[in-house]
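A quick write-up on the structure given underneath.
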Amino acid sequence: MKIIICGKSGSGKDFLRKKLQTKGLLYATPYTTRPMRTGEVNGVDYFFADEESYLKNRNTIFVEGNFFGWFYGIGKEQWSYYDLFVLPPSMIEKIPSEQKKICFIIYLDIDRETRRERLFSRNGVKGDKTEEGDSIERRLNADDKDFENFTNYDLRITNPNF
């Protein structure tokens with residue numbers, strides 16, 4: 001069984017992931033080409049890579065996505081070994097149907113105002129900008145679009161205090 005957590009920015013994906021890890025689930029650290037945020041650790045939060053290296057090793061990727069010009073991916077070996085993943089809808093849609101049969105998808109559908117407050121309270125936020133220079137409002141709007149017709153989940157959590 002593969003457990004996939006999916007949710008908009010600030011919905012609590014990392015909080016839930018860490019809770020599930022304490023219960024023995026093995027988290028597959030994704031690859032990304034986006035810049036590292038304050039407090040993130042390479043190999044723990046993500047495997048950070050430059051775009052050239054990522055593209056050179058693309059044949060080892062099981063499923064990938066592109067957000068704001070950055071690549072995100074889960075390796076084939078990771079998919080076969082690990083049982084806990086955090087993926088956006090666009091990557092969930094790319095999982096082959098035979099593999100989706102062994103997935104349980106948890107959608108954290110938390111209200112916009114709670115997510116906005118969480119994003120503003122994170123380290124590295126100055127005004128309406130994250131440390132990468134991304135606007136919080138742009139992220140919230142992009143998430144609304146990305147999740148507009150998302151129904152591919154097994155459990156939907158709307159309580160922000162889950």
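Read-outs throughout are calculated quantities, based only on the coordinates presented, and are distinct from any laboratory measurement. All figures in this text were calculated on a predicted structure; none of them were measured in a lab. Heads up, the Cβs are rebuilt from the backbone with ideal geometry, glycines too, and the neighbour counts pull from every protein chain shown.
Among the trypsin sites (Lys or Arg not before Pro) within region 22-77, which fall in a DSSP loop and have no more than 13 other Cβ atoms within 10 Å of their own Cβ? Mind dumping the intermediate values first?
Numbers: sites: Lys23, Arg37, Lys56, Arg58, Lys76; in loops: Lys23, Arg37.
For trypsin sites (Lys or Arg not before Pro) across region 22-77 that sit outside H, G, I, E and B with at most 13 neighbouring Cβ atoms in 10 Å, the list reads Lys23.
Dividing the summed helix terms, -39500 (n - 2.57) for each DSSP H run of n ≥ 4, by the number of residues in the chain produces a 222 nm estimate of -8000 deg cm²/dmol to the nearest 500. Expressed to the nearest 5 percent, the antiparallel share of DSSP beta bridges inside the chain is 40 percent.
Given Cβ point charges of +1 (Lys, Arg) and -1 (Asp, Glu) and nothing else, what value in debye, to the nearest 20, does the dipole of region 1-69 about its Cα centre take?
Values: 11 positive and 7 negative charges, 90 e Å.
My answer is approximately 440 debye.
If the viscosity is 1.567 mPa s and the temperature 4 °C, what Stokes-Einstein diffusion coefficient in µm²/s follows for the chain when Rh is the Kirkwood radius over Cα pairs?
79 µm²/s
With no solvent and one equal point scatterer per Cα, compute the Debye intensity ratio I(q)/I(0) for region 53-99 at 0.13 Å⁻¹ and report its log10, rounded to two decimals. These q points yield log10 I(q)/I(0) values of -0.28. Taken over region 1-83, lysine pairs spaced eight or more positions apart, or on distinct chains, with alpha carbons under 16 Å apart number 7.
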